[in-house]
Amino acid sequence: MALRLEDKKEIVAAVNTAASTAFSAVVADYQGLNVTQLTELRVQARQNNVYIRIVRNTLAKRAFEGTQFDILNDILTGPTIIGLSTSEDDMGAAARLFEDFAKTNKAFELKAAAFDGKVYEGAEVSVIANLPNQEKALTMLANVLQAPISKLGRLLTALKEKDEQEAA
């Protein structure tokens, strides 16, 4: 079915709007997936604040113009599905979603991802997928800040016990 010019403009505008506010993007080859599998991916995407869209490559290239994801233009070949992480709390959500989906669906092949002006191809997408969400990052920071205080407390306790043993 041929798209009218107005439809193409709407698609480009919608993807451009999403890409302008997104934090990371992932591109994958979806050839070989059936409708049920794609529907499952869309449901998971909605749950994880990930914008996904199957777009013609020429329209995706136009939509990415003027955004940080225009570096993906050379990778946009063949059947392509685009995932954009839209949540500031979880910038690696799209990469994580696509990577997890690829593990259970062998026909789904990750092409590349873009984050902070850099392209990660193929297996490197896991670098973005392993980015911690905001809650995890804050927990890690709290653990790092707590460690020296905890060690100091153990040291003071050990010194106190040593002094008590020597006094007895």
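Derivation of every value follows stated rules applied to the coordinates shown; laboratory data play no part. Fair warning: this is a prediction, and the values are worked out from it, not measured in the lab. In this analysis, Cβ positions are derived from the backbone assuming ideal geometry, glycine residues included, and neighbour counts consider all displayed protein chains.
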Given a Förster distance of 25 angstrom, what is the FRET efficiency for Arg56 paired with Lys103, based on the Cβ-Cβ distance and rounded to 0.05? 0.35
If you fit an axis through the alpha-carbon atoms of helix 5-21 and take the longest principal axis of the Cα set of the chain, what angle between them do you get, 0 to 90°, nearest 10? 10 degrees
If the chain between Thr17 and Asn34 were fully stretched, how many nm would it gain, using 0.36 nm times the residue separation less the Cα-Cα distance? 3.3 nm
Just want to confirm a number: the relative contact order over the chain, from Cα pairs under 8 angstrom separated by 6+ residues, in percent. 27 percent
Within a Gaussian network of the chain (alpha carbon springs, distance under 10 Å), most fluctuating of Lys103, Lys61, Lys111: Lys103
Under the rule a/c < 1.5 gives rounded, and otherwise a/b versus b/c splits prolate from oblate, where does the range 1-101 land using the Cα gyration tensor? oblate
Sequence of Leu41, Leu5 once ranked by neighbouring C-beta atoms within 10 Å, starting from the fewest: Leu5, Leu41
Listed residue (Val12, Tyr51, Gln146) projecting farthest to the positive dipole end of the chain, Cβ model: Val12
Set the bar at 20 Å for Cα to Cα. Now go through Lys8/Lys118; Lys8/Lys61; Lys61/Lys118 and name every pair that lies beyond it. Lys8/Lys118
Can you tell me the order of 13-26, 62-75, 145-158 when each peptide is scored by its average per-residue count of other Cβ atoms within 10 angstrom, highest first? 13-26, 62-75, 145-158
Taking the Cα centre of the chain as the origin, how large is its charge dipole in debye, to the nearest 20, when only Lys and Arg (+1) and Asp and Glu (-1) carry charge on their Cβ atoms? 460 debye
